Amino acid sequence: MKNPTHQPIVSAEENLHRKLSAVDKWDKEVKAFIEVYREDALKRAKAVDNRIREGKAGPLAGLVVAVKNNIAVKGKRLTCSSKMLETHRAVYNAAVVEKLIAADAIIVGSVNLDEFACGVDGTYSTLQRTKNPLDLERVPGGSSAGSGASVAAGMCDAALGSDTGGSVRCPAAFCNAFGFKPTYGAISRYGLSDLAMSLDQIGVISKDKAVMKRVFDAIRGTDPRDQTTQLADAMLRKKPAEAKVIGVPKEFFEGVDKHIAAGVKKKVKELEKHYEVREVSIPTLKYTVPIYQLTMAAEFSSAMNKYDGLRYGFTGDRNEELYSSFSKARDAALGKEIKRRIMIGTYITMKEFKDAWYSQALKAREVMKEEFASVMKDVDVLAGPAMPTGPWKFGEKMTPLEMYAADMLTIAANLTGTPAIVEPLSSDFKDGAIQFYGRHFEDDVLFGIG
Amino acid sequence: MDIETVRKISEVARLHLTEDELEQLTSEMDELLGHFKSVQDIKPSKPGHAKESHYMHDLKNAMRDDSVVACDPEQAEAIRNEFTKRDGRYLTAPKSIK
């Protein structure tokens, strides 16, 4: 499938029709959408057009946005692409959905993900297999697989995803789009199904960087329902920073495909015309995968305790004793990768093993944060490849460890809470993408670089 | 990692796993934890002052006054629908103590 062209928005209704035509044409094959809100979206588009005519339209008037299906849209299915929640419907709107609606965006539907956002290529969805629209034999990247694919296939102007270890940036890179994970605490996560509370952040994917920024501006800010956002509004009032010095950590290039590493280095060379570029070293980057996997698994196993076959979706045998019913429901309705992460997380937080594993991971994370802070005193942003490889073909066998290692360049932004953006290197998705990390709450700097 | 340890973890994790699943997880967890063990090599920058990183930013406890707000009838209905048995005005949950 060829890259769709993104024409300017003439009217909300016309733009929506274009996007729905792309859905009708491609989504039988691509399978990005879990649910298309066709009727609701058409009604909304008409109303938005009226507001445009009255001169009262919001900042996202007429933009068509898809939402990852772990973000609540009231009255719609909220499956997290798991059998556990296959029939579950959201009873309220997530904060980001409220803000999209208030800004006059048109929400076109919910899109697929790896089950509970646990995966790096999109193949861990238990509901459907999303394909990469740029090469249908290849994975779209994960976990926000449908977000990347729907953007790449021209089925929306932008898509929301969630990013716990790179889940927005990986599909953006694999689908040749821009992807942005803001500073931890910049966007409210009220209404996002949590994976790991100290790492999760909602992000945006788009083929257009300016659109991505508009969506981010519309959904950012403090929300009393998510206390991690309490600094967001104050930070917005800060004088915008400007990037002058780019640091290139040598560790970012270890284990990266030669072709992608060469492309990123060439891009960095071009940036030397406008910025001072320095090689830097962050030694703990070698340990990102273990630090991340242990921290994430501990938080994930705790977050998953609410899925007990009693309160949400999949129902266990209610005539059985509670814990037996609970355990059997979880075994029947949760996928392999979910169980693996719950088991590791449970083990490393058990009283007798916690000091050697979970506490140690948190101490290592602190060391990593200190190293980042120290390096970023002297450089404004960091640059490196987004993903170590391009998207692989379906069926290429990966061990769990190989799958976890694919995240190695993105997860440090989650461990340190820094913002990060990925940008395609060329019009060919096989050339890979470059990634920039910024300082806390200097998200805007990342939109001006590259 | 041995299968009996994995069985114990599965009980704590409330996962009713089959023997095949237990066997596979034993070998996978053994391999993964063997790799993750490298975190134990990272030493704190100030010896003896290892800090655990729980929070990203210095946030303050945010307290608010309790206030009575209306319950969303749709949310209440959604919760009610998850329970199939009733006892008068109470919803009945499965027995938790044998």
- Note on the structure: By residue number, the members of the stretch B:52-84 that are modelled with pLDDT under 85, among the aliphatic types (A, V, I, L, M), open to solvent by 60 Å² or more (accessible area, probe 1.4 Å) and over 30 Å from A:ASN414 (Cα atoms) are B:ILE79
- Message: Can you tell me how many residues within the stretch A:426-441 are open to solvent by 40 Å² or more (accessible area, probe 1.4 Å) and within 23 Å of A:THR228 (Cβ to Cβ)?
- Response: 2
- Item | Filtered residues of the stretch A:323-335 (kept if facing chain B (nearest Cβ under 9 Å) and touching a residue at least 12 places away in the same chain (Cβ under 8 Å)) | A:SER325, A:PHE326, A:LYS328, A:ALA329, A:ARG330, A:ALA332, A:LEU334
- Item | Filter pass, A:VAL30 being among the aliphatic types (A, V, I, L, M) and within 21 Å of the chain's Cα centre (by Cα) | yes
- Looking only at the stretch A:61-81, decide whether some residue is more than 14 Å from chain B (Cβ to nearest Cβ), open to solvent by 20 Å² or more (accessible area, probe 1.4 Å) and touching a Ser or Thr at 6+ places or on another chain (Cβ under 8 Å). no
- What about A:MET350, is it more than 28 Å from B:GLU82 (Cβ to Cβ), surrounded by fewer than 18 Cβ atoms within 10 Å (Cβ to Cβ) and not small (Gly, Ala, Ser)? yes
- Which residues, taken from the stretch B:35-49, are closer than 18 Å to A:THR295 by Cα and open to solvent by 50 Å² or more (accessible area, probe 1.4 Å)? B:HIS35, B:LYS37, B:GLN40, B:ASP41, B:LYS43
- Item | Filtered residues of the stretch A:287-317 (kept if open to solvent by 40 Å² or more (accessible area, probe 1.4 Å) and either more than 8 Å from every other protein chain (Cβ to nearest Cβ) or closer than 28 Å to B:GLU82 by Cβ (or both)) | A:SER302, A:ASN305, A:LYS306, A:ARG311, A:TYR312, A:PHE314, A:THR315, A:ASP317
- Task: Being of a type in the set (A, V, I, L, M) and open to solvent by less than 60 Å² (accessible area, probe 1.4 Å) is the filter here, so list the residues in the stretch A:220-245 that pass it.
- Result: A:LEU231, A:ALA232, A:ALA234, A:MET235, A:ALA241, A:ALA243, A:VAL245
- Query: Which members of the stretch A:364-380 meet the condition of being touching a residue at least 60 places away in the same chain (Cβ under 8 Å), in a loop (DSSP other than H, G, I, E, B) and closer than 16 Å to A:PRO419 by Cα?
  - Reply: A:MET376, A:VAL379, A:ASP380
- Residues of the stretch A:342-352 satisfying the condition of being at the interface with another protein chain (Cβ under 10 Å from one of its Cβ atoms) and either at pLDDT below 95 or outside any loop (DSSP other than H, G, I, E, B) (or both): A:ILE342, A:MET343, A:ILE344, A:GLY345, A:THR346, A:TYR347, A:ILE348, A:THR349
- Query: Looking at A:ALA361, A:ALA383, which one is facing chain B (nearest Cβ under 10 Å) and either in a helix (DSSP H, G or I) or open to solvent by less than 20 Å² (accessible area, probe 1.4 Å) (or both)?
  - Reply: A:ALA361
- Query: Where residues in the stretch A:108-140 are of a type in the set (A, V, I, L, M) and open to solvent by less than 20 Å² (accessible area, probe 1.4 Å), which of them is farthest from the chain's Cα centre (by Cα)?
  - Reply: A:VAL108
- Could you list all residues from the stretch A:398-441 that are outside any helix (DSSP H, G or I) and polar (S, T, N, Q)? A:THR399, A:THR410, A:THR418, A:SER426, A:SER427, A:GLN435
- Would the stretch A:301-309 turn up any residue that is hydroxyl-bearing (Ser, Thr, Tyr) and either in contact with a strand residue (DSSP E or B) (Cβ under 6 Å, 6 or more places away or on another chain) or assigned to a helix (DSSP H, G or I) (or both)? yes
- If we keep just the residues of the stretch A:42-65 that are of a type in the set (A, V, I, L, M, F, W, C) and touching a residue at least 60 places away in the same chain (Cβ under 8 Å), which is nearest to A:ALA158 (Cα to Cα)? A:VAL65
- Message: Given (1) within 14 Å of chain B (Cβ to nearest Cβ); (2) in contact (Cβ under 8 Å) with a residue 60 or more places away in the chain; (3) assigned to a helix (DSSP H, G or I), identify the lone condition not met by A:ALA218.
- Response: (1)
- Specify which of the listed residues (A:VAL277, A:VAL256, A:VAL268, A:VAL248) is in contact with a strand residue (DSSP E or B) (Cβ under 6 Å, 6 or more places away or on another chain), assigned to a helix (DSSP H, G or I) and either open to solvent by less than 90 Å² (accessible area, probe 1.4 Å) or touching a residue at least 60 places away in the same chain (Cβ under 8 Å) (or both). A:VAL268
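The values are calculated or read from the model by the stated rules, or taken from the named source; none is laboratory data. Values in this document were obtained by computation on a predicted structure and should not be read as measured data. Cβ atoms come from the backbone with ideal geometry, glycine included; neighbour counts cover every protein chain shown. The accessibility values were calculated without ligands, DNA or RNA, using every heavy atom of the protein model including side chains. Shrake-Rupley method; radii C 1.70, N 1.55, O 1.52, S 1.80 Å.
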